[in-house]
């Protein structure tokens, strides 16, 4: 990066910067833990020379902090998949439940946007379809951060909400479903796609916010892979060419994910269990009535802080799933 001609090739330079960030995200926490342990060892030596209540207090606080950081490093070590360090495409789709499901999909979108904010993840909206009555039918996001895919792949699956429906005049309890799908951003894979023969391209006017030009021209692009019926769409740019390029990257990533699932028994199991976005397939349930709790069906992770979870406090669920996967691999 210090080379004078480093930025002469901007795309290659950006890839190098991203690679550096990914490496630093793994290495820096290890250096921090090492430095903390050395400082604590020095405190232990001082205490051996004579009892000092102030040093004793600092040592106890330091040990607690060190334990927290060691736990974080251990979790990073679990992100060892070939694409775990990658950026990702993050998709939410409303399922069974009508207006309630669309509203639930929008609640999930808010939840994850809050989570991205907590983690300092960069996020870009690629497409969004509003629900007919409320909420959203679907959305696609591009999430950029070291290990974004590794963390967010833990959220792949069907999410179930149980609450008193705000759309029911009788105040009935309703169950709604929405699914989360995640694909790694892949720039270094060889997937041969004949874009003219194997993919159908549809262009349309982007809906919702985005300015007069976005809404009045057919700049949005939807691509359908005919052999697999996999769909990718993008509408965030004013340029149809840019939307097409992004949609192609998304479609390539989804086909790559499908091919990986065929080879990876754990990933194949996740996709097969995801199934229909409805009853019997949820990975996590969010109960807002009659009791307040959120429970993960895979790990048993449970909390009564439903508002905290809906505000993006989901790292404990992700950590538990990372540990479950590691245990499954070691069996």
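Before moving on, here are some points about what is shown:
Let's see how each residue does on (1) touching a residue at least 40 places away in the same chain (Cβ under 8 Å); (2) touching a strand residue (DSSP E or B) at 6+ places or on another chain (Cβ under 6 Å):
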position	(1), (2)
16	no, no
24	yes, no
27	no, no
48	no, no
63	no, no
67	no, no
77	no, no
80	no, no
87	yes, yes
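- Boolean, residue 172 is surrounded by fewer than 22 Cβ atoms within 10 Å (Cβ to Cβ), under 26 Å from residue 325 (Cα atoms) and either out of contact with any helix residue (DSSP H, G or I) (no Cβ under 7 Å at 6 or more places or on another chain) or not assigned by TED's automatic domain parsing to the domain that holds residue 74 (or both): no
- Considering the stretch 282-297, the residues that are touching a helix residue (DSSP H, G or I) at 6+ places or on another chain (Cβ under 8 Å), in contact (Cβ under 8 Å) with a residue 24 or more places away in the chain and surrounded by fewer than 19 Cβ atoms within 10 Å (Cβ to Cβ) include one that is nearest to residue 153 (Cα to Cα), namely 287.
- Residues that are within 14 Å of residue 151 (Cα to Cα) and at pLDDT 85 or above within the stretch 78-112 comprise 78, 79, 84, 85, 86, 87, 88, 89, 90, 112, listed in sequence order.
- Evaluating residue 40 against the criteria (1) loosely packed, with under 14 Cβ neighbours inside 10 Å; (2) over 24 Å from residue 149 (Cβ atoms) leaves one unmet condition, (1).
One line per residue, one yes/no per condition, for (1) within 18 Å of the chain's Cα centre (by Cα); (2) assigned to a helix (DSSP H, G or I):
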site: 58; (1), (2): no, yes
site: 68; (1), (2): no, yes
site: 74; (1), (2): no, yes
site: 85; (1), (2): yes, no
site: 99; (1), (2): no, yes
site: 103; (1), (2): no, yes
site: 114; (1), (2): yes, yes
site: 117; (1), (2): yes, yes
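- Of the residues contained in the stretch 139-151, one or more are found to be within 20 Å of the chain's Cα centre (by Cα), surrounded by fewer than 22 Cβ atoms within 10 Å (Cβ to Cβ) and over 30 Å from residue 24 (Cβ atoms).
- Sole exception among (1) assigned by TED's automatic domain parsing to the domain that holds residue 126; (2) in contact with a helix residue (DSSP H, G or I) (Cβ under 7 Å, 6 or more places away or on another chain) for residue 100, by number: (2)
- Single unsatisfied condition, residue 308 versus (1) in contact with a helix residue (DSSP H, G or I) (Cβ under 9 Å, 6 or more places away or on another chain); (2) outside any loop (DSSP other than H, G, I, E, B); (3) modelled with pLDDT of 95 or more: (1)
The values are calculated or read from the model by the stated rules, or taken from the named source; none is laboratory data. Quick caveat: nothing in here was measured; it's all calculated off a predicted structure. All Cβ positions, glycine included, derive from the backbone under ideal geometry; neighbour counts span all protein chains shown.
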